[in-house]
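See below for the structure under consideration.
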């Protein structure tokens, strides 16, 4: 299958701490590392490792970080023909500070990604794809938003399957304003916080009711250690989390890996519940290594974990 992916490419600076620092406090990390990341990059890399043809639309600077941010993209065989270079802005970076207790703080700099030039989008690239995956970070503002909106329009006219991946930063920035944009997508994937913020409600059931009234047909809600919830106008089902023997060490990028595995399963002909189960498995597998793209997950890995 051929996927067109729109989303950020970043360099992630990851710090594991005993506690998050207070203002003016200096702390030493338990572990510190730098890894390629970003929703667009991670979704693309995961899909390519699962055996698909992938075209990534993102924008990086002309700095040394650009090559590092794209290193796994290049190694996995993702096409860079829609990756743009910015002559003045830096490649995006994200600093993640997290504790063993699950607390997390992030510093995110969109940088070159937000200037993705919509004039360079080729309609034929969308028309020839089997699916379009859009990270909602692409819908925050500026030229990148114009690019994503334009791509969504092309996909709807061509009948290309659309997966919309919400993100906490995107929902926090735009809020319910994202609703009009995402309701026309075939699959909406998000976590509980994003669901409530997107709909302006206080419960999952109320939020899903809002989406149903707006015409949304298929929603997958990531609910952490419980797994995920699959919702359609006709059914709601909790898909249990997949248990593995390996220790979970870093959840950075697990949600993006979840999205890629779900899209992989859907386009492979799997029903929604089975696709969500595969996504649960991929998400937890990705968290057994440090970094969003470190764990190489193949279709064979998912088959072995879940059974064919």
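Couple of notes before you dig in:
- Averaging 1/r over each pair of different alpha-carbon atoms in the stretch 235-308 and inverting the result gives 12.2 Å, the Kirkwood hydrodynamic radius.
- Using a Förster distance of 41 Å, the FRET efficiency for residue 103-residue 150 (Cβ separation, nearest 0.05): 0.60
- In the stretch 90-236, the DSSP beta bridges split such that about 50 percent are antiparallel, to the nearest 5.
- Residue 74-residue 206 pseudo-label distance in nm [points 7 Å out on the Cα-to-Cβ vector]: 5.0
- Label-to-label distance, nm, for residues given as residue 288 and residue 193 (7 Å Cα→Cβ offset): 2.7
- For the pair residue 217 and residue 157, label points projected 7 Å from Cα toward Cβ lie 2.1 nm apart.
- In range of the label at residue 27: residues from the stretch 66-103 whose backbone nitrogen is under 11 Å from the point 7 Å along Cα→Cβ: 97-103
- When DSSP beta bridges are restricted to pairs lying wholly in the stretch 14-133, around 45% turn out antiparallel.
- Exposure proxy ranking, count of Cβ atoms within 10 Å, fewest first, for 254, 209: 209, 254
- The chain, helix-only ellipticity at 222 nm - DSSP H runs n ≥ 4, -39,500 (n - 2.57), divided by all residues, nearest 500: -10500 deg cm²/dmol
- Take every DSSP beta bridge whose two residues both sit in the stretch 2-306; close to 40 percent of them are antiparallel.
- Cα gyration tensor of the stretch 73-227 - equivalent ellipsoid semi-axes, whole Å, descending: 26, 22, 14
- Gain in span if fully extended, residue 168 to residue 124, counting 0.36 nm per residue against the direct Cα distance: 12.7 nm
- With N the number of residues in the stretch 2-306, Rg(Cα) / (2.2 N^0.38 Å) evaluates to 0.94.
- Normalised per residue, the volume of the convex hull around the Cα set of the stretch 1-138 (Å³): 125
- Alpha-carbon centroid distance for the pair the stretch 230-308 / the stretch 46-72, whole angstrom: 21
Taken together, the values in this text are just the output of simple stated rules run on the coordinates, not laboratory data. Fair warning: this is a prediction, and the values are worked out from it, not measured in the lab. So basically every Cβ, Gly included, is an ideal-geometry build from the backbone, and we count neighbours across all protein chains shown.
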